[in-house]
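A short write-up of the structure that comes next.
The values are calculated or read from the model by the stated rules, or taken from the named source; none is laboratory data. As the structure is a computational prediction, the values presented were derived from the model and not from experiment. All Cβ positions, even for glycine, are placed from backbone atoms using ideal geometry, and neighbour counts span all protein chains on display.
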């Protein structure tokens, strides 16, 4: 059997390739960077984190914590690397994104069963394959997928937050704290009074925005903003108070200079392990670069701020998955072809890692002659893949792992302990599933993973 092609070395593709290789299958992992670049990526590393460096909550009774527990039980590889490169972020798992991606790349390149090929793939290969080319799938491959699907893709835009240098922040004004004093003050906080906040909103509304790039403005599919990653200037258009009840909410924070809660606050999260860089949490923007500098430098504590990266906005494309994929992320009319990552309509870093893991499990089961088994819907990963396959296709929108995807608990449970109940049920269901179904393992014979 020829090596299994995995298209795309983002989070989903990297995890999928690693899973297959550890199980003994030969893999060709295709990544078009740096031969073909994208408007969003900064490096040629595998598993590069583009939008934020946070992988979500680690609390065991929150959706992020339950998702991490499920990934650990399933033998996730990228989560282990993330934990090695974690940076302080309160109860969240955030990483030094450059160190994380470099380490993943090094380990994939060194794996004896993985051949990392730096080239663009324009057509999905015949036979077993995983497509994890992400939201910036190259136009030629996107056209081929569209032909295969027999339906149009949906497209929207993702926006990226600015990153600033720690030394340029005025610590006399900006204070360290996590909400409700949880953790060790892992976030930096820019406090705003009412006048400062309202002036900021006015500045956002009046600032110049980037024009769409030719490849975006000429694409008839690129029309839809993604609700979960809206630019702050778009949120500001919805009303003067929108930001204050969104990314700038001051709940659980108190300015040590006044002892009071600010009218609004901007949180900054550590971007690297050295603590020299911070990103503005929830501050995705498409303002022109000079406008970003002008508007943000008017804020308290940011007068002399220096930018390591300015915000930007880029196209994002995903499948109408309910029409095309099963709960195992397998193409309905072509067994052995799996999709993973954001192109399936999954949101969130760990959700995309999980999709790569599921695609690899599905393909292993298929190659071993077994009908793939979906994870139980009472697990977050199972609920997420079920949503991708069974959500209403008329208005399908991306989704991240949330407790709201899970079936209701059988017994009435108070809200304050509901997360614990979901976590316990997930652990039980996953343990039972792995006992009954097991993990896809090595190829059925030594020749199965050999090259032609």
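Quick notes on this structure:
- Scope the range 329-352; condition buried (at least 22 other Cβ atoms within 10 Å of the Cβ) and more than 13 Å from the chain's Cα centre (by Cα); matching residues: 329, 330, 337, 338, 339
- Criterion violated by residue 173 - all others in (1) outside the structural domain of residue 285 (by TED's automatic domain parsing); (2) within 25 Å of residue 94 (Cα to Cα) satisfied: (1)
- Which numbered condition residue 15 misses (of (1) under 18 Å from residue 269 (Cα atoms); (2) buried (at least 24 other Cβ atoms within 10 Å of the Cβ); (3) at pLDDT 95 or above): (1)
- So residue 375, is it under 20 Å from residue 248 (Cβ atoms), crowded, with 23+ Cβ neighbours inside 10 Å and touching a helix residue (DSSP H, G or I) at 6+ places or on another chain (Cβ under 7 Å): no
- Residue in the range 295-312 that is within 19 Å of residue 142 (Cβ to Cβ) and in contact with a strand residue (DSSP E or B) (Cβ under 9 Å, 6 or more places away or on another chain) present: no
- Annotation note: of 56, 65, the sole residue that is closer than 30 Å to residue 418 by Cα, assigned by TED's automatic domain parsing to the domain that holds residue 401 and modelled with pLDDT under 95 is 56.
- For the criterion of being more than 26 Å from residue 274 (Cβ to Cβ), part of a loop (DSSP other than H, G, I, E, B) and more than 23 Å from the chain's Cα centre (by Cα), residue 172 fails.
- Residue in the range 91-111 that is exposed (fewer than 15 other Cβ atoms within 10 Å of the Cβ) and assigned to a loop (DSSP other than H, G, I, E, B) present: no
- Residue list for the range 185-200, restricted to those being touching a residue at least 60 places away in the same chain (Cβ under 8 Å) and assigned to a loop (DSSP other than H, G, I, E, B): 186, 193
- Test: residue in the range 396-405 that is touching a helix residue (DSSP H, G or I) at 6+ places or on another chain (Cβ under 8 Å), surrounded by 13 or more Cβ atoms within 10 Å (Cβ to Cβ), assigned by TED's automatic domain parsing to the domain that holds residue 366 and free of Cβ contacts under 8 Å to residues at least 40 places away in the same chain: yes
- Residue 408 vs. criteria at pLDDT 85 or above and over 20 Å from residue 332 (Cβ atoms): yes
- Residue within the range 148-167 that is modelled with pLDDT of 90 or more, out of contact with any helix residue (DSSP H, G or I) (no Cβ under 9 Å at 6 or more places or on another chain), assigned by TED's automatic domain parsing to the domain that holds residue 274 and surrounded by fewer than 16 Cβ atoms within 10 Å (Cβ to Cβ) present: yes
- Per this entry, residue 115 is counted among residues that are at pLDDT 95 or above, in contact with a strand residue (DSSP E or B) (Cβ under 8 Å, 6 or more places away or on another chain) and either surrounded by fewer than 15 Cβ atoms within 10 Å (Cβ to Cβ) or not assigned by TED's automatic domain parsing to the domain that holds residue 272 (or both).
- Failed condition for residue 250, given (1) at pLDDT below 95; (2) part of a loop (DSSP other than H, G, I, E, B): (1)
- Taken over the range 48-61, the criterion of being farther than 22 Å from residue 162 by Cβ and surrounded by 19 or more Cβ atoms within 10 Å (Cβ to Cβ) is satisfied by 57 alone.
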